[in-house]
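*Asks:* Can you read through this structure? Questions will come right after.
The values are calculated or read from the model by the stated rules, or taken from the named source; none is laboratory data. Note that the structure is predicted; figures quoted are calculated from it, not measured. Don't worry about glycine lacking a Cβ; one is built from the backbone with ideal geometry, like all the others, and counts go over all protein chains shown. Just so you know, the surface numbers come from the protein's heavy atoms only, side chains and all, with ligands and any DNA or RNA stripped out. Shrake-Rupley method; radii C 1.70, N 1.55, O 1.52, S 1.80 Å.
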Amino acid sequence: MGRSEDRISCLPDSVLQSILAMMPLKSAIRTDVLSQKWRNLWKYSLSTATNLDFGEDFAHNLSAKEFVETVNRYLLMNDSKKLETFHLFFCPFDLFVSDIERWIRFATGKGVRYLDIDLSQGFRNPVDGEFTDSRVPFELPSSLFDCDSLIELSLSRCILISPLNLRNFGGLQSLSISHSNIDTEMLQSILTECSLLEILSLRSCQHLAVINITVPDLKLKRLTIGDCFISDLLEIDAPKLQSFHYFGRLCSETNFTNISSLEDASIYSIGRNSELDYTYLLTDLSHIQILTLCTATLVHLHQNEESFDDDLIELQNLQELQFLMTSMSDGYLTCFYTFFSICSSPFLEKLFIRLPIHVEDRNEEKYGVSVRLNPIGLDNFTFDHLKVIKVTNFKGSTNEMRMVSFLLQKAAVLETLVLVLPFVKVENGKERLVLRILRGQVLLLQKAAPSAQIILHEFGEDDGFNPTHVEIYNDYSCLPSIPSMVAGEKISQNCNF
């Protein structure tokens, strides 16, 4: 044992117990083998713990039976009068229903404030993300709805029983529901009775034919909707809404009547339908400051370019723009150019572009897009306020160099261009050589801003430039690969950003 570790072991037990209380439970238990001094200290920490995390890290390498036995044993050791957080990540829940119900009663009986019941462990189809174990979702016990202390509630793969009894949820501020049977009527009950609700996330809720966020006096500030594939109508009247994130098949009809406080939004449409109109959606979001878009939006705008004539989509307040590119083929590069000829963002300051990891096959289909490798109609176009550009997964392909060249020539006040190489699992010593070659190629490109700094580095290095929606990138990177259609041609949807 090193000298610094000896010094830690010399600290009073009360201090060591405080340290253990801040550690994940599984890590705290592992300290038992450090020395005699540490032995059984974690048991005292567990007995007084107010934060119990039986999450993914805890469940790792445990069989279902071992997990259940361990959780039951640890809960018997906990003597705290109150619980702050309780997190459960588990499956197969159908074999241990009584145990899960008892765990929920344990948490709610101690007045838990932050409760996360995630029963989505394993058994996922890598193609469509759906479950393959044929289990019926877990039916939530009545004890959950008797709890009046909840501030934050997250439920995954759980059944809600209608009509909902939410009289005790008046203090709830954050609600996340995924893989659930929630329907339009239940959603209205939640919005009406949870009067303090500020954060709402709905994911893979396949009973929501209509998503109606329009109840009076709504305090909602952040809304996330994802993979609710049967939803055809999305209505939002939320005057206090500040942040909106949508991914999945875009609803065939959207109606945003009062979103004047909205500051940032991200739209990532996996199941793309050519008849859906992104133009109206962008027009409704024209006042926002931060926007993240996927390639489906770019394709739609390009295919409808002729309908715009001299009428641009005005994004007058936009300061930060982010593109999640699933391809950099000739067709998608053309769509990238088209966006700037159709959408006016005169005060744009930051541009983030996340490219696919792999270089496209030069012979792949062009997806019904009329290709033009040189931007048309952008001769006099400039980015008058663009100061930062960051391109992630940059590989120096022909089209990537064309895109970077276009940006450098149009950004007159650019201060920094950051190019990040893709993540490499096993380094073979070639990364430094690749960096030098790419840096030399990029430095030869013409720049409108002579003093602009160009930074190239490997994936994972901190450059201090990150998009506001970096957590949205992380969400999307875990989404399944879903084949989808645009203009009658197949687009390969690979979420390898």
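*Asks:* Compare the peptides 447-460, 198-211 by average per-residue count of other Cβ atoms within 10 angstrom and give them in order, highest first.
*Replies:* 198-211, 447-460
*Asks:* FRET efficiency for ILE357 and ARG167, Cβ-Cβ distance as r, R0 = 41 Å, nearest 0.05?
*Replies:* In this case the efficiency is close to 0.25.
*Asks:* Can you pull the one-decimal nm distance between simple spin-label points at ARG105 and PHE459, each 7 Å off the Cα toward Cβ?
*Replies:* 4.8
*Asks:* For the range 113-118, in order, what is each residue's ³J(HN,Hα) by Karplus, 6.51 cos²θ - 1.76 cosθ + 1.60 with θ = phi - 60°, in whole Hz (x at glycine and Pro)?
*Replies:* After applying 6.51 cos²θ - 1.76 cosθ + 1.60, I find 9, 10, 10, 10, 10, 10 Hz.
*Asks:* Please list, in chain and number order, the residues 5+ apart from SER120 or on another chain whose amide H is under 5 Å from its amide H, with Hs placed from the backbone.
*Replies:* The list, which skips near neighbours in sequence, is PHE90.
*Asks:* For a quick check: with amide H placed at 1.01 Å from N, whose amide H comes under 5 Å from LEU348's, ignoring anything fewer than 5 positions away on the same chain?
*Replies:* The list, which skips near neighbours in sequence, is HIS385.
*Asks:* Once amide H atoms are built 1.01 Å from N in the peptide plane, which residues 5 or more positions from SER154, or in another chain, come under 5 Å H to H?
*Replies:* Here the answer is LEU115, ASP116, ILE117, SER176, since their amide H atoms fall under 5 Å of that of SER154.
*Asks:* What are the trypsin sites (Lys or Arg not before Pro) within the range 39-108 that DSSP puts in a loop, where the Cβ has at most 15 other Cβ atoms within 10 Å? Don't jump to the answer; show the numbers that get you there.
*Replies:* Values: sites: ARG39, LYS43, LYS65, ARG73, LYS81, LYS82, ARG102, ARG105; in loops: ARG39, LYS81, LYS82.
For trypsin sites (Lys or Arg not before Pro) across the range 39-108 that sit outside H, G, I, E and B with at most 15 neighbouring Cβ atoms in 10 Å, the list reads ARG39, LYS81, LYS82.
*Asks:* While we're here: Pop a pseudo-label 7 angstrom from the Cα along the beta-carbon direction at both GLU263 and ASP217 and give the gap in nm to one decimal.
*Replies:* 2.6
*Asks:* Quick one: grab Rg to one decimal and Dmax as a whole number for the range 115-249, Cα atoms only, in Å.
*Replies:* 14.5, 42
*Asks:* For the pair ASP311/LYS81, report the inter-label distance in nm, with labels modelled 7 Å from Cα in the Cβ direction.
*Replies:* 6.6
*Asks:* Now a separate question. What are the ³J(HN,Hα) values, in whole Hz, obtained from phi via the Karplus relation 6.51 cos²θ - 1.76 cosθ + 1.60 with θ = phi - 60°, for each residue of the range 340-353 in sequence order, with x given for Gly and Pro?
*Replies:* Ordered by residue, 3J(HN,Hα) equals 6, 7, 9, 9, 8, 9, x, 10, 5, 10, 10, 10, 10, 10 Hz.
*Asks:* For a label point 7 Å from the Cα of THR50 along Cα→C-beta, name the residues of the range 58-89 whose backbone N is under 12 Å from it.
*Replies:* Answer for the range 58-89: 80-85.
*Asks:* How do THR279, THR48 stack up against each other in accessible area, from largest to smallest, with a 1.4 angstrom probe?
*Replies:* Highest to lowest solvent-accessible surface, that is THR48, THR279.
*Asks:* Would you check the accessible area of GLU253, probe 1.4 Å, heavy atoms only, in square angstrom rounded to 10?
*Replies:* 100
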